[in-house]
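The structure appears right after this line, and notes come after that.
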């Protein structure tokens, strides 16, 4: 088990990293504003599950395999990139529809599923765990896998809290946007661009760039 001081240091570093807006935050804000609080929080749950998958994978060494095996890394990279870009292109090609606040365009279930895919098929998340977690592992304490798992769960918990806060804040602005003409623009052009951007991030991910970030 990591020491309390190590957990505190890791939690502080994780909080700083998580409050900086990145692709996951952009996805959460997009879902929360476009489709409401329920869909936004469902997206948060999906992203959290994706983070949990990577935390467990890091504990058993899967992240190391992704970093050292070009075939495994490229498979995950292109699967994730292809899915995200295809969703973005379909969204951009779909004409804007009339907005009914009681009938959100993306169901919470779909938002959850997309959230899982966004994180699970993003190799940068796996490589983040690979480059970030080892700094806080103390081999002399033994059971490095258990240490990695505990710290990974700390990261997942903090991420769920910060992502949830982003969702609540973004969904709180939804009514203002529903009264104007901005939401159809968000649902089509912003949503499509965000998904394509996420796909490009996944497509350009590399072990070298991830370790430098």
Tally time: how many residues in segment 107-157 are crowded, with 20+ Cβ neighbours inside 10 Å and part of a loop (DSSP other than H, G, I, E, B)? 2
Residue check: is residue 183 in a helix (DSSP H, G or I), at pLDDT 85 or above and under 22 Å from residue 44 (Cβ atoms)? no
Please determine whether any residue of segment 162-180 is at pLDDT below 75, closer than 22 Å to residue 116 by Cβ and assigned to a helix (DSSP H, G or I). no
Before we move on, is residue 80 at pLDDT below 80, over 20 Å from residue 170 (Cα atoms), crowded, with 22+ Cβ neighbours inside 10 Å and touching a helix residue (DSSP H, G or I) at 6+ places or on another chain (Cβ under 8 Å)? yes
When you scan segment 58-70, do you find a residue that is at pLDDT 75 or above, buried (at least 23 other Cβ atoms within 10 Å of the Cβ) and closer than 25 Å to residue 188 by Cβ, even just one? no
Would you say residue 34 is part of a helix (DSSP H, G or I), within 30 Å of residue 142 (Cα to Cα) and either more than 16 Å from the chain's Cα centre (by Cα) or at pLDDT 75 or above (or both)? no
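The values are calculated or read from the model by the stated rules, or taken from the named source; none is laboratory data. Computed from a predicted model, the values in this text were never measured in an experiment. Backbone-built Cβ (ideal geometry, glycine too); neighbour counts: all protein chains shown.
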